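The values are calculated or read from the model by the stated rules, or taken from the named source; none is laboratory data. As the structure is a computational prediction, the values presented were derived from the model and not from experiment. When we count neighbours, we look across all protein chains shown, and the Cβ atoms used for this are built from the backbone with ideal geometry, even at glycine.
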Amino acid sequence: MTSVVSESIDGIRDVLSRAGESIVIGGKPGPSASGELIDTHDPATGEAIASIAAGGAADVDRAVSAATRALGSWQDLSAAARARILYDIAALIEDHAEELATLETLDNGKPLTESMFLDVGIAAEIWRYYAGWCTKIGGQTLPVSPPVGTSFAYTRREPLGVVGLIVPWNFPLLIASWKLAPALAAGNTVVLKPSELTSLSALRLVELVNEAGIPPGVVNLVTGYGHEAGQAMIEHSGIAKISFTGSTATGQRIVTASAASLKKLTLELGGKSANIVFPDADLAGAAEGALTGIFLNQGQVCCAGSRLFVHRSVHDEMLAVLESAARDIQLGHGLADGTEMGPLISPVQRDRVEGYLRSGTEQGATLVCGGQRPHGDLAAGNFLTPAVFSEVRDDMRIAREEIFGPVLSVFAFDDEAEVLRRANDSEFGLAAGLWTGDVKRAHRVAHQLQAGTVWINQYNMLDPAAPFGGYKASGYGRDLGEESLLGFTQTKSVWVSLD
Ligand code: NDP
């Protein structure tokens with residue numbers, strides 16, 4: 001285990017030593033059926049920190065059976081009793097916040113403050129938000145039109161059954177929470193598969209979920225590779241719905257594989273979000289928003305504001321501010337004091353990002369700063385210095401494809417209609433941002449941007465109550481908010497004869 005882990009953080013060593021038994025089925029941890037293990041690494045040092053169980057089809061099958069058996073025990077509980085368990089999970093997450101945040105930083109690389117306040121902090125709020133929903137899932141009485149007094153009809157919102165949740169590596173605890181909590185609030189039972197790169201916080205979360213008194217088998221964890229455990233889930237006929245966050249390519253594979261059993265799907269996929277700075281904006285605020293918009297979590301964020309459109313009249317001034325701020329960002333181990341940016345998740349991801357850096361330069365963009373591997377203490381990790389490109393054309397690969405790394409492309413624009421057209425000229429439509437002092441322009445532009453979320457004079461805001469998901473190739477369905485909850489239900493119309 002890496003030496004930067006504080007001795008004072010109880011439990012971390014224990015969790016790492018339990019990782020080989022990360023298949024949790026019916027409330028009981030165990031190894032995978034094959035007995036195989038996958039090493040998980042600290043991306044800041046390259047050191048192996050633990051080995052998790054490599055689950056496969058046999059483990060998924062056992063997990064689905066346990067989840068099917070547990071449906072009764074979960075749905076027979078009163079809504080109030082289910083709510084109490086979800087509230088208890090939120091409290092346990094907060095009680096173990098430091099431990100969870102440390103695990104997340106060790107496994108993913110992000111700075112500890114980010115893990116603590118964003119990932120763990122919002123995760124706890126999400127559990128609390130959906131705990132409140134347990135007692136508020138109602139139907140409607142319907143104004144049906146057979147002769148008055150002969151029929152009455154109403155709807156019920158019923159759970160789907162066993163649902164499969166497939167979670168990526170960029171916000172492991174947070175995304176697991178935002179899929180688990182609404183699925184459970186709606187009365188479903190669950191099989192959860194985290195990314196094999198970052199399974200430790202999911203293991204600890206599922207332990208806490210069981211500690212909170214959820215009936216055994218309601219939440220099952222199968223760790224392992226996407227092409228093995230994940231693929232077994234999307235093909236399993238006992239799973240009624242898959243909620244997935246990840247790449248567009250894997251999303252497409254899920255659509256195809258799930259066709260045989262006609263699974264319901266929620267897909268939150270890639271993005272290439274536009275962030276637009278109008279000349280009347282507060283430029284200091286816009287620069288700060290642009291920087292967090294792209295460099296949060298090393299740019300490995302589906303809604304990252306990777307295309308920054310700046311009005312030509314303030315373009316050079318803005319570019320100078322961005323360059324200087326990007327050069328000042330302190331890279332380091334996520335657990336080290338003062339670290340503002342950690343490493344990328346894996347050598348593969350860094351290679352992928354470097355490929356985009358090369359393509360940007362080859363296609364004629366100007367690399368203003370960054371994009372280098374740092375030397376010295378950080379050389380063994382997957383670090384890249386934050387990069388800013390200018391002189392980017394809309395048809396370049398760095399302008400069109402999701403990079404998922406700390407790379408910002410800056411474009412100049414001249415007028416509102418032009419920037420709207422260029423912002424919307426993308427296969428993706430996950431999010432967008434705009435910065436202006438003109439309230440009319442703010443709403444006018446927000447309404448015309450083709451994106452599932454638009455931020456005005458801010459970026460990357462997230463809340464349990466606000467639905468999150470994409471237009472176009474960014475997916476369908478929504479995470480968070482009431483919409484996510486309803487996506488884990490099906491509607492039944494009940495007719496009653498009054499004759
Ligand atoms: P993937 O889409 O492959 O991974 C996301 C999740 O899907 C992981 O849990 C993965 O498991 C799982 N998975 C992979 N293959 C299958 C499958 N056949 N069936 C079911 N589940 C599967 O993304 P990558 O990790 O390969 O990242 C590649 C790119 O994807 C990034 O560069 C980025 O552009 C995008 N991405 C987008 C995310 C978002 O938030 N929208 C999040 C992550 C990536 P495992 O990791 O164990 O293989």
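Brief remarks on what is shown
- Residue match in segment 254-266 (condition: within 16 Å of the ligand (Cβ to nearest atom), touching a helix residue (DSSP H, G or I) at 6+ places or on another chain (Cβ under 6 Å), in a loop (DSSP other than H, G, I, E, B) and among the hydrophobic types (A, V, I, L, M, F, W, C)): no
- Being in a loop (DSSP other than H, G, I, E, B) and more than 22 Å from LEU184 (Cα to Cα) is a description that does not apply to GLY238.
- Hey, THR223 in the same structural domain as GLY55 (by TED's automatic domain parsing), at pLDDT below 95 and within 13 Å of the ligand (Cβ to nearest atom) or not: no
- Checked against the criterion of being crowded, with 22+ Cβ neighbours inside 10 Å, within 11 Å of the ligand (Cβ to nearest atom) and touching a residue at least 24 places away in the same chain (Cβ under 8 Å), segment 202-214 contains one or more residues that satisfy it.
- Strands (runs of 3 or more DSSP E) enclosed by segment 401-461 - at least 1 residues per element that are under 28 Å from SER484 (Cα atoms) and more than 16 Å from the ligand (Cβ to nearest atom): 431-435, 453-456
- A Cβ distance below 8 Å, combined with a sequence gap of six or more or placement on separate chains, defines the contacts here; from segment 452-463, residues that are assigned by TED's automatic domain parsing to the domain that holds GLU288 reach residues that are surrounded by fewer than 21 Cβ atoms within 10 Å (Cβ to Cβ) and polar (S, T, N, Q) in the pairs TYR459/THR292; ASN460/THR292.
- Test: residue in segment 272-282 that is modelled with pLDDT of 95 or more, away from the ligand (no atom under 11 Å from the Cβ), closer than 11 Å to LEU322 by Cβ and in contact with a helix residue (DSSP H, G or I) (Cβ under 9 Å, 6 or more places away or on another chain): yes
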